[in-house]
Structure formats: C-alpha cells, structure tokens
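The values are calculated or read from the model by the stated rules, or taken from the named source; none is laboratory data. Only a predicted model underlies this, so the values are computations on that prediction, with no experimental measurement involved. For neighbour counting, all protein chains shown are included, and Cβ atoms are generated from backbone atoms with ideal geometry for every residue, glycine included.
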Amino acid sequence: MEAEFYSLQKIRKMSEEAVKDPENFWKDKLHLISWYKLPEKIREGDPPFEKWFVNGYTNISYNAVDRNMNKSEKVAFYWINEKLETRSITYRDLFCEVNRAAYVLKELGVKKGDTVSLMMPSIPEALYMSLAVHRLGAILVIHYIGLSEDTLAYRLNDCNSKVFVVASKGFRNGNEIRIKDFIDKLLETRKTPVEKVLVIKRGFDDFNVTKRDVIYEEVRPRGRVYIEPEKVEANEPSTIYYTSGTTGRPKGLYHSTGGYILALNYAFKALMGPKDDDIWWTISELGWPVWPMANLYVIPVMGLTGVLYEGYVGYKPDIFSRIIERLGVSLVWSSTTILYTLKSLGEESVKSGDTSTLRLILNTGEPLNPGAWKWLRDNLPHVTIADAYWMTEHLFPVAGTPMGLGEIPYKPGSAGIRFPGSDFRVVDDDGKELSPGKKGYIVLKPISPALAKMHNDISGERILKTYWSRFPGYFYTGDYGYIDEDGYLYVLGRADDVIKAGERIGTLEVESVVVTHPAVAEAAAIGYPKEEGEGILVLAVVKKGYPMSEELANDIKMYLRNSGYIVDKVFLVRRLPKTKSGKIMRRLIRAIVRNEDPGDISTLDDTSILEELKSIILSDKL
C-alpha cells in the first residue's frame, strides 16, 4: 500500500500543478509529436475559444508514418477477422500505401482544408485512406456503417464532403454488409455534395459502378510514390465527429491538428504505460472516436503495433481470448459494453485461449460496474483493469486511473481520480461546488488542448448555449455524480436520466447492484411517472442458461430491495438499445414507457429493438 499511496500522492501533485499552470504543463509535452515549426505561444484566450500551440506547424500523417521509417520492418498493424484470418502491415508498408492513397486523393482534387468522408470496416485500407487525408492537410469525417439514409445525407451536407471513400462491403457477426449498395441508393435519392466515390473493391466485383465511382485498385499507383505532407497549423481542424442529440440534428464537433494529437499521446502514456514491444487491440467500430484515436493518432504516432479486428467480439464465445493468444495482445482498450458481453458469454470468452500476454484492459464508455469488475478480476487475475472518463466534446480523460504514471487503488464503480491536465467539479442546481459525497452535476474547467469546437458555429453561439449556459464559467458534461473523500469521481448517469424516487438516484447506482445478481449480464434502469414522484423500472439482460421467468424477475426485485432500492418493475430482456459504440440508450426506454418521441435515433445500432421493447414493456400496465 505504501507504493500505491506514493503514486496517488504523486499524481495528485501533478494534477494540482497542471491546474495552477496549464501552459507550463503542456509545454513540457511538446516533444510527444514532431513539429515543422515549434509554437510561438502555448495558449491564447479562454475556453471555449482558446487556441493552443499557436503558430506551431505539424502533420498527423508525418507523425504516424514518416517518422517511423527507422523501424520500417516492424509490424505496425495486424488485421484479423471473425474467421481468424490475418494480415500484417509493417511501417514500410504503411508508408508506401499511405503515399499511394494520398496520390489518388490528390488526383481527385482533395486539398488542404477540404473534408473527406469515409465509411469502411476496420481494415488496413481504412488506415491508409485516413492517414492519406491527413497527409494532404484535409479534414477526416468517418461515418458509422448502418446510419440511416436521412442521417448520413444530413452529415454529408453538413461537412460538405465532395469525395466519399467507401469499401465495397464488410463483414460482422457472420453477416455481409453491402456498403456500396447502400451508398448508391443514398446518392440516387438524396441531394448531397458528393461528386466522387472512391471504392475499395476488397477483391469483390458484385456491385454497380456508376459515373461518379472511381475504383481504387484500378488507379492505385503500382510503383513507389511520395506525397509531401502538408504543413498544418496546430489549431486547424483535423477531424469531425458527430454526436447524437435527444432531439433535433446531431452536432458536428471538430478537434485540432496539434493539441488534440499531442494530448491523446500524453493521455495514453499516462493511462497504459505502453512499451515498445506491446501489441494493442482497440475493440471498436469505425465511426466511434475510439477507433481513430487509437489507430490513427496514438498507436502509429508512438510507433507501436496495433490490431484491427473486423467483426463482432460476441460472434463466437472464444474469439476474444483466441485473438489475444494468436497475436500476443498485451493491451486492450474496450467499450464497457464489450466487457459486459464477455461476462455474458461466460468463462469461455476469456479462458479458451492463452491470455498470459495480456497486461491491461482499459474500459471506456461508462464506469465499469462492480459486478463486471469482479468477474474480470476473478477470471483474468493477472490483468490490470483501468478506467477513463471522457466524452466526444473533451477527448482527454476528465478522470481516470493513470496506471502508466504509477499504480493506484482501483475503486470498482468509480471513473478514477482527477487526471493530470483536467479539472472537474461537482455542483448543485445553483452552480455551487459540493463537498465530497454530495451528488450533483459534473462540470469542467477545461485546461487541455483536446476540447472540441463546434463545426459550422463561426460565432460560437451554439457551443455557448449547448455547453456553457447551464452553469456560467463551467463546461457542463450533462452527467450526474459525486466525488468521494479520496478524490475519486463516481459518474451515476446522465443528469436527464436521474430518477426522482424520494431522493435523486443515478441510473448507474441501481444498475451496479442489478448486475451483481448471478442471473444478470447487464441492465438499464430508468424512472417513470407515478401518481407521486417516479417509480424505478429495470430492464435486465438474462445470462445464458437462466429462465426468462416471472420468478426470476421477482427474485431480482427482492435482491434490489435487500440492497436498498425499491424497484417497481423488472422486465427480462435479451438485449438493450445501444448506440453503435455500445452505449445504452436509456432515453429510448424512457420514451417507450412515457409514449414520447424518441428523438434522434441515428446512432442506434439496431432499430428493430424499439418494437421489441414496446411489445414487452407496453404489455404491462405501468
């Protein structure tokens, strides 16, 4: 405990120093990326309109590709699919293929400041094209496979992409996903700015070719080509991410070219302590910021080896451990939902293959509930479980367990301590800071260069209204929680989801208890209106081997009652409504219960679940 105590004190001191002098803190991190021209000033102005590393010039592709040519034969990435077929890409391969892709994009007219859209599975060509976009100083916009036509058309128009890079098809959960067919239909029926579609055939010919299409394999240079990386000022946009809203249209948020990449590289050094021989698997679909964060902006910038997995980890129970064994994976970055999926699949998911190389699993999405944490610790006792709490708007950890800086106590259910380079508070309805243990709203005093700006918001009016108006002087995360006596942050759910059943109860408070029941894999809790206040309703996903019975539902209710939560309704279900990044969409459950408009469902992974849940929930008189 002495070593843990020392690390905790050391990290707290680092955090305090960063809050007191952010400029000096980040100046010390300049060496994490290569610069054509060092910045003249570290920070200028105040959030949300501040600038970082002013008049510093760099290029993301240069950092990810060119500067690793001294290790050109090292494997940069392994690609593996659900059949466990593999390919390896060295840093020399990466350099050659990125330059070829950049050559083709340049021939299509892509230039500095343009936006290029991309829709592909997790394949090597997604790396090549993305880094080629950055090589030209253009702005990358990755779209989820599976977005509705209406939502994708809106995003294409909003970001004004004239070039759209797509794969002919992808494969997930044993199914073929015909990407090109979907894009053809979209562009034939919707007005968009897209003029050229660059198609990666992947060896397939079973798709239509139109006048706007360019087949990459037919125009890809055969010999070696070199495209000079464009020098880009640190504050210029590098990528746009879209977030869904409860109503209205999704928000486009852009991150910078210099500060964002630098901040990410510091964050992962602190979170994971990666070593030169590590093999790092980020379990993510393209379209969620996690995929580019790791595979474009950190793994190759650090010169490490990454894993691209095309498929779904739950496709077969043993896939997770088989991939770790096959490739010698040492670091895993995963969404919370994937970790819950492993638990629901049982011990086979982590014990079928040899996982002795695995050193650390980093959880992201929601705080890992105590039940899942205990299951992972019991079944992977040699693996460190780490956590980080961040959001698309602030892609630097607000709180976390920075195991790369020193081992600290892990508190199940907590997001961790204040991360060096961040500053958060918990406040009441009036914006007054609360003492430890008091529940309230989580707000930030941003001091990192990874705070997003809003796309197409030149005046700044929309970003101020969305994030800064609720608590003046603070960035409002929209989350509810508390800080304990040791400075650990507990995120209890979205503030909009807080249940008012006598007292305010965060959804994760209830869910963290439900999932410790031996029959429950994961759960979602919401409040619903009663004559007096709100009742608590729980959807519980039942583990394989347990009956979907009224007796089990009543047993879960009693289990919760014995833990201090009086739950009115427990519905047993096979799955929960989730985003394509794996986050539970509680507001959709609430909308079904209250017979309200569900709002924007563009990021919902499978829309058929709405009718599925309606038939279960509405059959009961609430």
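From TYR565, TYR559, grab the single residue that is outside any loop (DSSP other than H, G, I, E, B), outside the structural domain of SER335 (by TED's automatic domain parsing), of a type in the set (Ser, Thr, Tyr) and surrounded by 15 or more Cβ atoms within 10 Å (Cβ to Cβ).
TYR559
For ASN59, are the conditions met, namely being surrounded by 20 or more Cβ atoms within 10 Å (Cβ to Cβ), of a type in the set (S, T, N, Q) and touching an Asp or Glu at 6+ places or on another chain (Cβ under 8 Å)?
Judged against the criteria, ASN59 is a match.
Just give me the residues in region 374-399 being surrounded by 19 or more Cβ atoms within 10 Å (Cβ to Cβ), of a type in the set (A, V, I, L, M, F, W, C) and either part of a strand (DSSP E or B) or under 11 Å from the mean Cα position of the chain (by Cα) (or both), in sequence order.
ILE385, ALA386, ALA388, TRP390, LEU395, PHE396, VAL398, ALA399 - these are the residues of region 374-399 that are surrounded by 19 or more Cβ atoms within 10 Å (Cβ to Cβ), of a type in the set (A, V, I, L, M, F, W, C) and either part of a strand (DSSP E or B) or under 11 Å from the mean Cα position of the chain (by Cα) (or both).
Scan region 318-342 for residues that are among the charged types (D, E, K, R) and either modelled with pLDDT under 90 or within 14 Å of SER356 (Cβ to Cβ) (or both) and jot them down.
ARG322, GLU325, ARG326
Consider only pairs whose beta carbons are under 6 Å apart and that are at least six residues apart or on different chains; among these, list those whose first residue lies in region 85-106 and is in the same structural domain as ARG222 (by TED's automatic domain parsing) and whose second residue is among the acidic types (Asp, Glu).
Short answer, once both residue conditions are applied: THR90/GLU73.
Tell me which of these ARG470 doesn't satisfy, since it passes every other one: (1) at pLDDT 90 or above; (2) touching a Phe, Trp or Tyr at 6+ places or on another chain (Cβ under 6 Å); (3) closer than 20 Å to ARG590 by Cα; (4) of a type outside the set (A, V, I, L, M).
Condition (3) is where ARG470 drops out.
Residues in region 496-519: is at least one at pLDDT 90 or above, among the aliphatic types (A, V, I, L, M) and not assigned by TED's automatic domain parsing to the domain that holds GLY564?
No: zero hits.
Please go through region 143-198 and pick out each residue that is assigned to a strand (DSSP E or B) and of a type in the set (S, T, N, Q).
Listed by number, the list holds a single entry, ASN175.
In the list GLU82, GLU16, GLU4, which residue meets the criterion of being out of contact with any Phe, Trp or Tyr (no Cβ under 7 Å at 6 or more places or on another chain), acidic (Asp, Glu), surrounded by fewer than 21 Cβ atoms within 10 Å (Cβ to Cβ) and modelled with pLDDT of 95 or more?
GLU16
Can you confirm whether LEU604 is at pLDDT 85 or above and surrounded by 15 or more Cβ atoms within 10 Å (Cβ to Cβ)?
no
Just give me the residues in region 445-486 being surrounded by 16 or more Cβ atoms within 10 Å (Cβ to Cβ) and part of a loop (DSSP other than H, G, I, E, B), in sequence order.
PRO446, ILE447, SER448, PRO449, ALA450, ALA452, HIS455, ASP457, ARG470, PHE471, TYR474
Kindly indicate whether LYS211 is loosely packed, with under 15 Cβ neighbours inside 10 Å, of a type outside the set (A, V, I, L, M) and within 23 Å of SER161 (Cβ to Cβ).
yes
Out of LYS439, LYS432, which single residue is crowded, with 18+ Cβ neighbours inside 10 Å, over 30 Å from CYS159 (Cα atoms) and not β-branched (Val, Ile, Thr)?
Only one candidate qualifies: LYS439.
Where residues in region 552-587 are in contact with a helix residue (DSSP H, G or I) (Cβ under 7 Å, 6 or more places away or on another chain) and among the hydrophobic types (A, V, I, L, M, F, W, C), which of them is nearest to GLY365 (Cα to Cα)?
The qualifying residue nearest to GLY365 (Cα to Cα) is VAL573.
Would you confirm whether or not region 95-116 contains a residue that is under 24 Å from the mean Cα position of the chain (by Cα), more than 28 Å from LEU327 (Cα to Cα) and outside any loop (DSSP other than H, G, I, E, B)?
Checked region 95-116: at least one residue is under 24 Å from the mean Cα position of the chain (by Cα), more than 28 Å from LEU327 (Cα to Cα) and outside any loop (DSSP other than H, G, I, E, B).
Residues being crowded, with 20+ Cβ neighbours inside 10 Å and part of a helix (DSSP H, G or I): count how many of those fall in region 496-511.
The qualifying residues number 6.
Name the helices (runs of 4 or more DSSP H) wholly inside region 308-354 in which the number of residues that are surrounded by fewer than 20 Cβ atoms within 10 Å (Cβ to Cβ) and in contact with a helix residue (DSSP H, G or I) (Cβ under 6 Å, 6 or more places away or on another chain) is 2 or more.
none
Quick one: TYR528 ticks every box in (1) part of a loop (DSSP other than H, G, I, E, B); (2) under 30 Å from the mean Cα position of the chain (by Cα); (3) among the aromatic types (Phe, Trp, Tyr) bar one, so which box is it?
Going through (1) part of a loop (DSSP other than H, G, I, E, B); (2) under 30 Å from the mean Cα position of the chain (by Cα); (3) among the aromatic types (Phe, Trp, Tyr) one by one, TYR528 breaks only (1).
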